[in-house]
1. Can you go through 25, 67 and tell me which one is open to solvent by 80 Å² or more (accessible area, probe 1.4 Å), modelled with pLDDT of 95 or more and not basic (Lys, Arg)?
2. Could you please let me know if residue 32 is open to solvent by 40 Å² or more (accessible area, probe 1.4 Å), among the polar types (S, T, N, Q) and within 12 Å of residue 64 (Cα to Cα)?
3. Look at residue 48 and say whether it is of a type outside the set (Phe, Trp, Tyr), part of a strand (DSSP E or B) and at pLDDT below 95.
Amino acid sequence: MTTTVTGTAEVELAIGGMTCASCAARIEKKLNRMDGVEATVNYATEKAKVSFGDQVAVADLIATVEATGYTAA
């Protein structure tokens, strides 16, 4: 059975300011708390892969990361 999700987009964010794996986990947790967002953060590559729905903008994702205390682009 295949499930098709419409209205989703993906983005890869460059994350700055992470000093350990706990930082990556903190950012991932904050992003995943947003409605319609599914994120994985990789500390080694300093990147976040994020899938999100129509109700979320990339600016919202960046603002969430910045509110957590890190940089995103």
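1. 67
2. Answer is yes for this residue.
3. no
Residue-by-condition table, conditions (1) among the acidic types (Asp, Glu); (2) open to solvent by 50 Å² or more (accessible area, probe 1.4 Å):
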{"site": "12", "(1), (2)": "yes, yes"}
{"site": "16", "(1), (2)": "no, no"}
{"site": "37", "(1), (2)": "no, no"}
{"site": "41", "(1), (2)": "no, no"}
{"site": "44", "(1), (2)": "no, yes"}
{"site": "50", "(1), (2)": "no, no"}
{"site": "53", "(1), (2)": "no, no"}
{"site": "56", "(1), (2)": "no, no"}
{"site": "61", "(1), (2)": "no, no"}
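The values are calculated or read from the model by the stated rules, or taken from the named source; none is laboratory data. Everything numeric in this text was worked out from a predicted model, so none of it was measured. To get the accessible areas, we keep the full protein, side chains included, count just its heavy atoms, and leave off ligands, DNA and RNA. Shrake-Rupley method; radii C 1.70, N 1.55, O 1.52, S 1.80 Å.
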